[in-house]
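Data first, discussion second: the structure below is written as structure tokens.
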Amino acid sequence: MSQLNVNTIGARTGTTVSLASGHTAVGFGGGKVLQYVIATNSSVQSTTSTSYADITNLTADITPSSTSSKVHIIFNDNFWINRSSTSLGGKYIINKGGSDITATEQEIQLIIDGNSGNKSFYYTHHFEYVDSPSTTSSTTYKVRFKANSGTTFYSQNGNKTASLILMELGV
């Protein structure tokens, strides 16, 4: 095997250095953010359904540049849950390409002593997950939510902005 030792590699013309077709550069280290996509929504959406429903506009597509890339998923929401009994709650889940990612299911639950009057819970939810899509095809991620029985679950409480951020990580 041959070895080339140089102090600097520069483009012969322009500012881009390319590899011959079919060749791969190695040894440059991973962990770099290669691209990112952001989806946001600032309109209040609610559900009383105990089945998952998509949160409007919190859908994003990303096309990984390599099958070894990871996708770092970051989700933020300001929510409100309301119920007229002692237990209130709901769940979020990330969906990829039409299938829910079970490992991303996040439950929000509040149990209050006493049984009279409405109960409400306001909070900011933050969640992160690293996915391995193993593809170079466009992949759609979206956030879904559902309420516990008898509960109304509001996403984007107070018209604050919810966000779904996808970052492709080179490894």
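Put simply, when 48-57, 137-146 are sorted by average Cβ atoms within 10 angstrom per residue, most first, you get 137-146, 48-57. Against the compact-protein benchmark of 2.2 N^0.38 Å, the Cα-based radius of gyration of the chain scales to 1.42. For the stretch 48-99, with all protein chains in place and a probe radius of 1.4 Å, 43% of the accessible heavy-atom surface sits on carbon or sulfur.
With protein chains left intact and a 1.4 Å probe, residues in the chain average 59 Å² of accessible area per residue. Spin-label pair SER66-ASP54: with each label point 7 Å from Cα along the Cα-Cβ axis, the two points sit 3.2 nm from one another. Comparing mean-square fluctuations of LEU58, LEU34, LEU88 from a GNM of the chain with C-alpha springs under 10 Å, the top value falls on LEU34. Computed from backbone phi, the HN-Hα couplings of the stretch 131-141 come to 9, 10, x, 6, 8, 10, 8, 4, 10, 9, 10 Hz, rounded to whole numbers (Karplus: 6.51 cos²θ - 1.76 cosθ + 1.60, θ = phi - 60°; Gly and Pro given as x). Note on the chain: Lys pairs 8 or more places apart or on different chains, Cα atoms under 23 Å apart, count 14.
The values are calculated or read from the model by the stated rules, or taken from the named source; none is laboratory data. Since the structure is predicted, the reported quantities are computational estimates derived from the model, not experimental observations. Neighbour counts run over all protein chains shown; Cβ positions are idealised from the backbone, glycine included. These accessible areas exclude ligands, DNA and RNA; they are computed on the full protein's heavy atoms, side chains included. Shrake-Rupley method; radii C 1.70, N 1.55, O 1.52, S 1.80 Å.
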